[in-house]
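Chemist: Pasting a structure here, questions to come.
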């Protein structure tokens, strides 16, 4: 076979395609896959954050409900600090939600600047990974996950407040010492995945533009 | 765009250009199950892209662009999960395998599979007769860069042809 015969062989696929396709199955599979893809994207983008925020909100609602129930039943006397704590809880959640929303908006705007070519698609993906990586150790990131830490501290404060015992540091510190290593391990694992992606995109760009 | 209209355009595109999807799936998928999976992923992305198509490029160029972008993203996912997939286990039965096999065509796909992922895209476009201009638009490279890469791919293929022609081709 020479080069021209090779091209001719290649073109035979247009008249007689390599495969047949079950059209009915495709008609069923495409919209289903489309829905799965959207769900998965939403899960990846928002999942971790909303899970953290939702848990924090639920935790704060339950503990503050217990606190104000105890006050209304006359078990404990209300102080100004109860309302200050409630304000801190709500404020932290609002601040975190705004920080996350602004951060996503800014990045979405940046992503729109990329074109449709293969190279631009790789650069867009690289920029997504860089965006995730850039959030490590940033103030914005601390703000985003602040409700979790705040909910933990306020929950302990309410428990001590209801029990009438003075605030003891041992339990909260023990809890934080238990959570932090898991948090760090998860963060490192996630960062490793992101770096692997980054490496892969770098390789593809290198293949497109050797020596650049 | 209405869903019915989108479905209609998708059906028309699939009917006229399904060969592109088969070629990309065949070139990037190592097993039959991988090819089915990739074919399905590309079909989903083509369906997604219908609304964004403004008619500035030819439909074939557009579909190739979507298909190649998806193929590279799909490979990334496969690597991330690092799963070895079994043909029978993962096959959905979406694609019907051909009854007969063309050994020459198999040879071409084997040579394409030996290329790196970017060169594979270029080889497919070259074999389908795309101009350097179209290729540069799809890949986002300069035309001269495309020219250099295509010449290298051609040289590799010609050398392989010369080597293997005495044996089985």
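The values are calculated or read from the model by the stated rules, or taken from the named source; none is laboratory data. All figures in this text were calculated on a predicted structure; none of them were measured in a lab. Cβ coordinates were reconstructed from backbone atoms using ideal geometry, including for glycine residues, and neighbour counts include every protein chain displayed.
Chemist: Return only the number of the condition from (1) buried (at least 18 other Cβ atoms within 10 Å of the Cβ); (2) at pLDDT below 90; (3) closer than 26 Å to residue B:152 by Cβ that residue B:36 does not satisfy.
Modeler: For residue B:36, the failing item is (3).
Chemist: Which numbered condition trips up residue A:177, out of (1) closer than 24 Å to residue A:54 by Cβ; (2) modelled with pLDDT of 80 or more?
Modeler: With (1) closer than 24 Å to residue A:54 by Cβ; (2) modelled with pLDDT of 80 or more applied to residue A:177, the lone miss is (1).
Chemist: Might you check whether a residue that is under 16 Å from the mean Cα position of the chain (by Cα), within 11 Å of another protein chain (Cβ to nearest Cβ) and farther than 21 Å from residue A:11 by Cα occurs anywhere in the stretch B:138-159?
Modeler: Yes, the stretch B:138-159 has at least one match.
Chemist: Search the stretch A:107-118 for residues that are surrounded by 17 or more Cβ atoms within 10 Å (Cβ to Cβ) and pair each with any residue that is assigned to a loop (DSSP other than H, G, I, E, B) when their beta-carbon atoms are under 9 Å apart and the residues are at least 6 apart or on different chains.
Modeler: From residues that are surrounded by 17 or more Cβ atoms within 10 Å (Cβ to Cβ), the pairs are A:116/B:52; A:116/B:57; A:116/B:140; A:117/B:140; A:117/B:141; A:118/B:140; A:118/B:141.
Chemist: State all residues of the stretch B:16-35 that are part of a helix (DSSP H, G or I) and more than 9 Å from every other protein chain (Cβ to nearest Cβ); if no residue qualifies, say none.
Modeler: Within the stretch B:16-35, B:16, B:17, B:20, B:24, B:27, B:28, B:32, B:33, B:34 meet the criteria.
Chemist: Can you name the residue in the stretch A:164-189 that is without any contact (Cβ under 8 Å) to a residue 60 or more places away in the chain and assigned to a loop (DSSP other than H, G, I, E, B) and is also surrounded by the fewest Cβ atoms within 10 Å (Cβ to Cβ) among such residues?
Modeler: A:166
Chemist: Now a separate question. When you check residue A:146 against the structure, is it away from chain B (no Cβ under 14 Å), modelled with pLDDT under 80, in a helix (DSSP H, G or I) and touching a helix residue (DSSP H, G or I) at 6+ places or on another chain (Cβ under 9 Å), yes or no?
Modeler: Details: away from chain B (no Cβ under 14 Å): yes; modelled with pLDDT under 80: no; in a helix (DSSP H, G or I): yes; touching a helix residue (DSSP H, G or I) at 6+ places or on another chain (Cβ under 9 Å): yes.
Considered against the rule, which asks whether it is away from chain B (no Cβ under 14 Å), modelled with pLDDT under 80, in a helix (DSSP H, G or I) and touching a helix residue (DSSP H, G or I) at 6+ places or on another chain (Cβ under 9 Å), residue A:146 comes out as no.
Chemist: Only residues that are within 10 Å of chain A (Cβ to nearest Cβ), part of a loop (DSSP other than H, G, I, E, B) and more than 12 Å from the chain's Cα centre (by Cα): list them for the stretch B:121-137, please.
Modeler: B:129
Chemist: Of the residues in the stretch B:38-60, how many are within 13 Å of the chain's Cα centre (by Cα), within 10 Å of chain A (Cβ to nearest Cβ) and touching a residue at least 40 places away in the same chain (Cβ under 8 Å)?
Modeler: Total satisfying the criteria: 2.
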